[in-house]
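Only the coordinates and a few stated rules stand behind these numbers; no lab work does. Since the model is a prediction, treat every value here as computed from it, not as a measurement. Note: ideal-geometry Cβ built from the backbone for every residue, glycine included; neighbour counts use all protein chains shown.
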């Protein structure tokens, strides 16, 4: 199962080159024929609809309301939908104004693909301006407990905590183990060192290969992981 995850940085009014970047993202996905795609920060309904039209070979889950997709999360997949559920996480202390209009958290999509059941969890945790972020480590631990009885789980997205601190906690295996928010990326802002915020965690599966996709789609690099059944 080929998985692609990307924080798209399709932020209204403030992000650069939105139209050009979303076209490049869609072309990359189609070229590589991924099975599961987890996108974060697709905030506007019109951007969700762009991807839905561009990726017509896939089914999808999101939560558009009028002009806004409040969680920013969209999951595309091959196979059949069994169940979907979204949860919003608490706001951080002293949130900025925009945090009151969006609902970061996770989007759980259970699918059947090739005769097997998968729990796909598209994730975007709150930004606590703290690379260690014990709050997000706790949210990750809670998510893993939530799916401890599931046979095949993929937790993918922007977890807003650096891998140094992920590795200090007991987690599902993850890949890749390389930085995804990097000073060489021309869109990256307010960065003092290269960091990994984006992960694909998995259970009941094994990573055959993985890579950080260093094409300039966003202020984050994407990640691509090829998983196989254990």
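Using Cβ contacts closer than 10 Å as the measure, can you line up 181, 28 from fewest to most?
Details: 181 23, 28 17.
Lowest count first: 28, 181.
Taking only Cα atoms and a 10 Å spring cutoff, compute GNM fluctuations for the chain and point out the largest among 147, 101, 217.
Maximum among the listed residues: 101.
Under 10 Å, Cα contacts only: if you run a Gaussian network model on the chain, which one of 26, 54, 138 comes out with the highest mean-square fluctuation?
In the Gaussian network model the winner is 138.
Do you know the relative contact order of region 1-152, to the nearest whole percent, from alpha carbon pairs under 8 angstrom that are 6+ apart?
Working: 247 pairs, mean separation 27.0, N = 152.
Value for region 1-152: 18 percent.
Å³ per residue of the Cα convex hull, for region 2-229?
So the per-residue Cα hull volume is 117 Å³.
Rounded to the nearest 0.05, what FRET efficiency do residue 32 and residue 87 give with R0 = 30 Å and r taken as the Cβ-Cβ distance? Could you check?
FRET efficiency, residue 32 to residue 87: 0.55.
Using the number of other C-beta atoms within 10 angstrom as an exposure proxy, rank 142, 210 with the fewest first. Write out the running numbers ahead of the final one.
Values: 142 10, 210 17.
Fewest-to-most Cβ neighbours within 10 Å comes out as 142, 210.
Rg/Rh for region 29-91: what does it come to with C-alpha atoms and Rh from Kirkwood?
On the way: Rg = 12.0 Å, Rh = 12.4 Å.
Result: Rg/Rh = 0.97.
At a Förster distance of 22 Å, what's the computed FRET efficiency of residue 167 paired with residue 211, Cβ-Cβ distance as r, to 0.05?
Efficiency for this residue pair is about 0.70.
Per DSSP helix of 4 or more residues, -39500 (n - 2.57); summed, then divided by the residues of the chain. What does that give at 222 nm, rounded to the nearest 500?
-5500 deg cm²/dmol
In which sequence would 166, 120, 216 go, from the one with the fewest C-beta neighbours within 10 Å to the one with the most?
216, 166, 120
Return the Rg/Rh ratio of region 1-122 with Cα-based radii and a Kirkwood Rh.
In region 1-122, Rg relative to Rh is 0.97.
With the chain treated as a Gaussian network of Cα nodes joined by springs under 10 Å, which of 203, 184, 24 yields the largest mean-square fluctuation?
Result: 184 has the largest fluctuation of those listed.
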